Amino acid sequence: ISIVYFDLGKGNDYLYHGQNRFIGVHADDELQITTKQEDALLPKYPREIFPEYYIIRVNEFNKVAKTPLEEWVNYLKTGEIEPETKAPGLSEAREKLKYYSMTPGERHAYDEHLNAIMIQNDVLSTAKMEGLAEGRAEGRAEGRAEGRAEGLEEGWAKGKAEGLLSTARKLKSMGMPPEDISLATGLTIEEIQEL
């Protein structure tokens, strides 16, 4: 597929399709499939085997875009994507355009913001896993001390709670906002403020 932004030949259409024909340079004959190849190959001409070509002459497109292809050609010509577009891929292209239309400073700030969010999510996830592991360990230890029948269940719950409190204390000491700690541990904001 060739997308051209210059005048290429004469014609009224914006989309052209072509196939290969192989003509002998000296004998001026067209290359044909041999009898032996006819049984093995379903296509009978080289142009049916080799690639097809499309030329999109963007400057010649002067229509209202109705089909997905026309929506893409309209975008290639104008650089604008209609809000109600249904063409596959154009919504994603719109998001990329927003990103690339930012100044280098804005783009850097946006990238740093995304990195900060990923780091924060990793910290929360790690802290939650550590808190749960610590809670399980403490719950098991207390459960064994109190006895298998009653202690295991109560100890695990208490250990889990202690683990969550320990995790909350660590996150609070790191300066994380109470709302984020609450999301990570399930504790209320009041419980977090009392730590």
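Before moving on, here are some points about what is shown:
- The number of residues in the stretch 173-195 being touching a Pro at 6+ places or on another chain (Cβ under 7 Å) and either assigned to a loop (DSSP other than H, G, I, E, B) or under 16 Å from GLU162 (Cβ atoms) (or both) comes to 1.
One line per residue, one yes/no per condition, for (1) surrounded by fewer than 12 Cβ atoms within 10 Å (Cβ to Cβ); (2) part of a loop (DSSP other than H, G, I, E, B):
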residue	(1), (2)
THR85	no, yes
ARG94	no, no
GLU106	yes, no
ASP111	no, no
ALA116	yes, no
ILE119	yes, no
VAL123	no, no
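- Inside the stretch 88-124, residues that are under 17 Å from the mean Cα position of the chain (by Cα) and either touching a residue at least 60 places away in the same chain (Cβ under 8 Å) or more than 28 Å from PRO178 (Cα to Cα) (or both) make up a count of 13.
- Only one of the numbered conditions (1) modelled with pLDDT under 90; (2) farther than 30 Å from ARG169 by Cα is not met by LYS128, and that is (2).
- Subset tally (residues that are within 19 Å of HIS17 (Cα to Cα) and surrounded by 17 or more Cβ atoms within 10 Å (Cβ to Cβ)) for the stretch 59-76: 6
- Among residues of the stretch 1-15 that are part of a strand (DSSP E or B), those with a beta-carbon under 6 Å from a residue that is not aliphatic (A, V, I, L, M) at least six positions away or on a different chain give the pairs VAL4/ARG57.
- Count of the stretch 161-195 residues, restricted to those that are open to solvent by 70 Å² or more (accessible area, probe 1.4 Å) and either modelled with pLDDT under 70 or within 16 Å of SER125 (Cα to Cα) (or both), is 6.
The values are calculated or read from the model by the stated rules, or taken from the named source; none is laboratory data. Quick caveat, the model's predicted, so the values are computed rather than measured. Here the Cβ is made from the backbone with ideal geometry for all residues, glycine too, and neighbour counts use every protein chain on show. The accessibility values were calculated without ligands, DNA or RNA, using every heavy atom of the protein model including side chains. Shrake-Rupley method; radii C 1.70, N 1.55, O 1.52, S 1.80 Å.
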